[in-house]
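> Here it is, the structure in full.
Please treat every number below as a calculation from the coordinates, not as lab data. Everything numeric in this text was worked out from a predicted model, so none of it was measured. Cβ placement follows ideal geometry from the backbone for every residue including glycine, while neighbour counts extend to all protein chains displayed.
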Amino acid sequence: MQTNSPEHLRLFIAIRIPDSVKEKIVAAQTELRRALPPEAVRWTRGEQFHLTLRFLGSVAAERLPALADAVRVVCKSFTALQLHASGLGFFPDSRLPRVIWAGINDRQGRLPLLHRAVQFATLGFTTEKAEETFTGHVTLGRVKHISRREAQSLASAATGLGNGHFGQWTVNHIDIMRSELSSEGAKHSDLAVIPLEQPLR
């Protein structure tokens, strides 16, 4: 007799980015794309831009309410964040880039604290390794293969765009999101909205 295994969801926790900021990041991404052959990078579509706080991977669907409760508890101590997007960068570096990104941060330095709190709250819900260091960013593309000359062209294009201020916005909640993979790329959907509840002083 075959029993049904519980449904599993591919989850991550993120901060959404407003369309006005996405548009400016897409414009910078377009300039960077011109520096490389089309097949060199798997570029992220603009509608998928977000700031990941925690990638959880596969989580049983029945655990979603408990996950939301755990994240909600730590978010109660945070006020709304004032975020700004600016600058372009590369992981691990510009000489041999694997990831191309635009930076996101807050002047109060509370974004890394929120990231750490979310990681702590989700330890019991994932086997994915927690990040030891955090750099707030939006992934613009993942490099598939690139020559040293192409890497230099990419770095020059990024330098030519300067620090690139893409905009700022207020964040008063974070989202637990589902990622569904297909041949056309990932589709993201909201499963739970978690407010940052501490009142502003």
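> Please compute the Kirkwood hydrodynamic radius over the chain, one decimal place, Å, based on all pairs of different Cα atoms.
18.1 Å
> With a 10 Å Cβ neighbour count serving as the proxy for reagent exposure, in which order, fewest first, do VAL138, VAL74 appear? Could the numbers behind the result be given before it?
Numbers: VAL138 24, VAL74 17.
Neighbour counts put them in this order, fewest first: VAL74, VAL138.
> Along Cα→Cβ, 7 Å out, is where each label goes; now give me the distance between the ones at GLU7 and ARG142 in nm to one decimal.
According to this spin-label approximation, the distance is 2.5 nm.
> Here is a follow-up. Which of the three applies to segment 92-164, rounded, prolate or oblate, going by the alpha-carbon gyration tensor with a ≥ b ≥ c and a/c under 1.5 meaning rounded?
It comes out oblate by the Cα gyration axes.
> Please list, in chain and number order, the residues 5+ apart from GLY141 or on another chain whose amide H is under 5 Å from its amide H, with Hs placed from the backbone.
Distant-sequence amide H within range of GLY141: THR44, ILE100.
> Shifting gears a bit: For segment 43-119 and segment 162-180, write down the distance between their C-alpha centroids in whole Å.
Each part's Cα centre sits 8 Å from the other's.
> Estimate the FRET efficiency between HIS173 and THR135 by the formula 1/(1 + (r/R0)^6), using the beta-carbon distance for r and 35 Å for R0, to the nearest 0.05.
That gives a FRET efficiency of 0.95.
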